[in-house]
1. Given the condition of a type in the set (A, V, I, L, M, F, W, C), part of a helix (DSSP H, G or I) and either open to solvent by 60 Å² or more (accessible area, probe 1.4 Å) or at positive phi (or both), answer yes or no: does some residue in region 79-94 qualify?
2. Just checking, does region 60-77 include any residue being in contact with a Pro (Cβ under 7 Å, 6 or more places away or on another chain) and either within 17 Å of Ile147 (Cα to Cα) or among the basic types (Lys, Arg) (or both)?
3. So which residues in region 48-77 are in a helix (DSSP H, G or I), open to solvent by less than 20 Å² (accessible area, probe 1.4 Å) and within 15 Å of Ala153 (Cα to Cα), if there are any at all?
4. Under the condition of being at pLDDT 90 or above and of a type in the set (D, E, K, R), which residue from region 11-47 is most open to solvent (accessible area, probe 1.4 Å)?
Amino acid sequence: PLARAHLVFKAGAESLDADAAGSLALLERLVLRGLRGAGADGYGPLDWEGYATAESVGFSVTVPAPALGAALASLAAVVKSPPLDAASIEEEKEGAIAAIRSEASDPDSVYEAALNRRLFAKYPWRRDPAGSEKALRAATAESLAGIAAAWLAPGDAPLVVAGSIDGD
């Protein structure tokens, strides 16, 4: 029997200013980094998924039902305190910047970015969860901690659990 948990924060690119563009996507990467290899009740590593959009940041996991409590405890701990050490931040920044550069070579992504700049000329970064290379390079542990405290908050997040579970 399996259980799936999905946690979604109402915080995305639209929540940030131009100087912080991409910070929530970077935090998503850092949270997933903290969750990599997390085991639960002897079930070994769990497969975590995450995403960042213009409107939200989310995390999900599918586990054997008895491991759900431990998986949720791992998620809560890492969301409250993502790995914000310099080495983790720099490695995830490089991965995020590589993704931005990769998108720049995709014609559909270039078209969508141009359309967003035209339609949302005053705030185009609010439609782009990846942000800019400049904004990502400027991100620090302190700025990321502030964004995490402000936006990865329980009041802004539904938790959906489904599967073969006991309500308690």
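The values are calculated or read from the model by the stated rules, or taken from the named source; none is laboratory data. All values derive from a computational prediction rather than experimental measurement. Virtual Cβ from ideal backbone geometry, glycine too; neighbours counted across all protein chains shown. The area values use the complete protein model at the heavy-atom level, side chains included, leaving out ligands, DNA and RNA. Shrake-Rupley method; radii C 1.70, N 1.55, O 1.52, S 1.80 Å.
1. yes
2. There is no residue in region 60-77 that is in contact with a Pro (Cβ under 7 Å, 6 or more places away or on another chain) and either within 17 Å of Ile147 (Cα to Cα) or among the basic types (Lys, Arg) (or both).
3. Answer for region 48-77, where residues must be in a helix (DSSP H, G or I), open to solvent by less than 20 Å² (accessible area, probe 1.4 Å) and within 15 Å of Ala153 (Cα to Cα): just Leu75.
4. Arg29
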